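Every number in this text was worked out from the coordinates using simple rules, so none of it is lab data. The structure presented is a predicted model; accordingly, all values stated were derived computationally and were not measured. Cβ atoms come from the backbone with ideal geometry, glycine included; neighbour counts cover every protein chain shown.
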There are 4 protein chains.
Amino acid sequence: MNVAESRTAIQGSAQDKPSFRTEVLVRFADCDPAGIVFYPRFLEMFNNLVEDWCRDGLKFSFDEIVIKRGWGLPTVHLEADFIAPCRLGEVLTADLFVRSMGTSSINADILLSGPDKSERVRGKVVLVLTDRSSGRAIALPGDLRISIATFVVSG
Amino acid sequence: MNVAESRTAIQGSAQDKPSFRTEVLVRFADCDPAGIVFYPRFLEMFNNLVEDWCRDGLKFSFDEIVIKRGWGLPTVHLEADFIAPCRLGEVLTADLFVRSMGTSSINADILLSGPDKSERVRGKVVLVLTDRSSGRAIALPGDLRISIATFVVSG
Amino acid sequence: MNVAESRTAIQGSAQDKPSFRTEVLVRFADCDPAGIVFYPRFLEMFNNLVEDWCRDGLKFSFDEIVIKRGWGLPTVHLEADFIAPCRLGEVLTADLFVRSMGTSSINADILLSGPDKSERVRGKVVLVLTDRSSGRAIALPGDLRISIATFVVSG
Amino acid sequence: MNVAESRTAIQGSAQDKPSFRTEVLVRFADCDPAGIVFYPRFLEMFNNLVEDWCRDGLKFSFDEIVIKRGWGLPTVHLEADFIAPCRLGEVLTADLFVRSMGTSSINADILLSGPDKSERVRGKVVLVLTDRSSGRAIALPGDLRISIATFVVSG
């Protein structure tokens with residue numbers, strides 16, 4: 001899928017589809033000498049959003065995944081368009097939409113919007129459930145698939 | 001360009017083309033509870049590589065760009081494939097190849113490799129030179145274009 | 001003041017004195033390969049607490065201080081005792097108590113507690129209001145002193 | 001020991017005593033909207049210095065300590081004086097001096113200096129060797145004590 005298509009898809013889903021949503025305050029710690037968010041911190045915001053979604057949306061916390069089960073949910077692919085800068089003190093809206101599920105993988109779109117609803121960062125992540133001892137992908141458990149399915153958008 | 005094409009292009013350029021190269025130690029600060037690099041830290045490594053390239057490869061440091069001139073060189077687009085995990089204490093090789101230049105923009109490929117030469121992270125970044133007071137793109141100065149051109153690879 | 005004295009003082013103030021309080025979720029991004037908070041991230045939590053206090057407690061946001069006025073509120077001295085580790089997913093309570101004010105400086109105690117009220121990190125910070133263009137300390141404005149005074153604890 | 005005493009001690013040791021020394025480039029990623037190092041990043045520099053000292057000075061890497069042995073070397077106490085700001089592009093000198101050893105603990109002084117030799121950050125850390133499975137302190141092994149002893153300064 002090219003970038004233009006993914007933009008349309010995300011815009012469509014933002015308006016009429018289920019998503020997992022949080023708010024993110026742009027902190028001093030996030031900002032660089034240009035006075036705007038240092039872009040690696042946007043990816044930390046992406047990871048925090050996935051973490052919150054797993055815990056609150058899927059009832060399958062990183063603590064459960066990583067510490068208790070010895071699994072992992074690494075990001076294996078990432079795309080991001082940094083559309084407009086974000087400034088100290090702004091409260092962003094972060095939305096996560098599931099685009100599709102594979103046997104072990106989750107394709108999700110992420111959208112960070114400003115207080116004025118303008119798009120700031122648009123991203124795509126592919127997550128894969130893995131067994132950390134073997135380093136191999138493992139199938140998403142059935143009950144987890146059912147939870148994830150409630151966040152899937154078509155487009 | 002799809003992911004498969006970009007992989008081919010990066011692999012080709014890694015073997016027979018000029019690049020800007022640094023080494024990156026994987027530090028305790030970079031690693032997560034799974035014992036591997038936390039992926040937003042890879043993007044910090046990307047940014048450090050661009051910073052080193054500007055200073056040492058182009059003689060146009062971030063200090064000069066951001067502080068002295070009031071300009072910026074934000075990343076406006078990013079893609080990354082996290083191919084294999086990186087572990088505490090490993091020394092990675094980081095390579096930057098310029099794919100193309102626009103009036104104000106630089107398209108670069110980034111490759112992080114392990115001590116065994118295996119590919120760990122493959123990325124693409126699009127950087128744009130901007131005037132921070134107006135927030136608008138500005139043309140890459142002529143002498144800078146000449147410097148950048150020495151890092152351009154065909155594919 | 002030695003460490004034993006400061007501990008007593010903080011404990012006393014925690015029980016019967018005014019403080020500024022927030023909650024802090026221990027995120028995956030905060031944790032190291034030992035599965036606990038990487039200690040520089042505790043200092044980021046300290047800075048976030050000061051930032052929240054300035055914005056919500058004093059109505060004098062970092063955005064106002066740093067961006068709009070060209071001032072700064074750097075931490076010039078720091079002490080911290082890391083009493084017990086904090087783990088992924090825990091929600092910490094963060095308290096800030098003002099110990100004293102100087103002409104330009106604020107002495108504050110910080111306490112991070114676990115979900116079970118146990119002390120995890122105890123800290124002291126000295127902040128100084130500065131004019132960034134001259135790099136010199138400036139007197140805390142009168143209305144700000146009045147706001148700060150409401151958070152001062154004796155002990 | 002009060003702050004004035006510790007300053008004298010560190011200054012003395014800097015001139016005529018053994019230390020472990022590295023260089024630290026102040027990166028864009030380290031700097032805040034005020035254009036200077038964000039202070040939690042100084043503590044990351046402290047941790048990096050301890051990490052380099054363990055690996056290169058003591059031949060006892062964090063990878064060996066944390067991953068292979070299941071131990072930890074957490075910082076349990078920290079003090080820092082932020083004497084003067086550090087700016088983007090500066091190359092700092094980082095020195096570590098061991099002040100004393102206990103059964104399980106190491107008391108070290110840290111000094112970050114600017115390119116002009118001026119003091120920028122002075123710190124003290126107390127590290128404790130622990131067994132992560134029990135969470136308890138363990139005695140520093142004999143051969144490690146011998147290595148550490150070569151970095152001990154009197155004063």
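For the reader, a short list of remarks on this structure follows.
- For the segment B:48-54, counting C-beta atoms of other chains within 10 Å of every residue's C-beta and taking the mean gives 2.
- Residues D:E64 and C:R21, FRET efficiency given R0 of 41 Å [Cβ-Cβ distance, rounded to 0.05]: 0.50
- Other protein chain Cβ atoms within 10 Å, averaged over every residue that makes up C:72-84: 6
- Restricting the calculation to Cα atoms, chain D shows an Rg/Rh of 0.97 when the hydrodynamic-style radius is the Kirkwood one.
- Packing-based ranking, highest mean first, of B:38-47, A:95-104, A:57-66 given that Cβ atoms within 10 Å are counted: B:38-47, A:57-66, A:95-104
- C:S154 paired with B:T150, simple spin-label distance in nm, labels 7 Å along Cα-to-beta-carbon: 7.0 nm
- Built amide H within the under 5 Å cut-off of B:F38, gap 5+: B:C31, B:D32
- Taking other residues whose beta carbon is less than 12 angstrom from the beta carbon of A:Y39, and scoring Lys, Arg as +1 and Asp, Glu as -1, yields -3.
- Rounded tilt (10° steps) of C:39-52 against the dominant C-alpha axis of chain C: 50 degrees
- Calculated [θ] (222 nm, deg cm²/dmol) that DSSP helices of n ≥ 4 give over chain D, each run adding -39,500 (n - 2.57): -7000 deg cm²/dmol
- Along each principal axis, taking the top coordinate minus the bottom one, the Cα set of region C:76-148 gives 43, 24, 19 Å in descending order.
- Long pairs among B:K59/B:K124; A:K68/B:K117; A:K59/D:K68; C:K124/D:K124; C:K124/D:K68, criterion Cα-Cα beyond 25 Å: A:K68/B:K117; A:K59/D:K68; C:K124/D:K68
- Charge-dipole axis of chain A as Lys and Arg at +1 and Asp and Glu at -1 on Cβ define it, positive-most pick from A:L112, A:S134, A:F97: A:S134
- q = 0.05, 0.12, 0.13 Å⁻¹: log10 I(q)/I(0) that the Debye formula gives for the protein assembly as shown, counting C-alpha atoms only: -0.22, -1.41, -1.65
- Relative contact order for region B:60-155: 31 percent, from Cα pairs under 8 Å spaced at least 6 residues apart, divided by residue count.
- For region D:110-155, a Kirkwood radius taken over Cα pairs fed into Stokes-Einstein (20 °C, viscosity 1.002 mPa s) yields D = 158 µm²/s.
- A label point on C:K59, set 7 Å along the Cα-to-Cβ line, lies at 4.4, 5.5, 6.5 nm from each of its counterparts in the other copies, closest listed first.
- Label spacing, shortest first and in nm, from D:D143 to its equivalents in the remaining copies (7 angstrom along Cα→Cβ): 4.9, 5.6, 6.7
- Peptides D:132-139, C:30-37, ordered by how many other C-beta atoms sit within 10 Å of their residues on average, highest first, read C:30-37, D:132-139.
- Between region B:47-83 and region C:30-87, the alpha-carbon centres lie 27 Å apart.
- The phi torsions of region C:78-95, fed into the Karplus equation with coefficients 6.51, -1.76 and 1.60 and a -60° offset, translate into couplings of 8, 9, 8, 10, 9, 7, 8, x, 10, 10, 3, x, 5, 9, 8, 9, 10, 10 Hz, rounded to whole numbers, with Gly and Pro shown as x.
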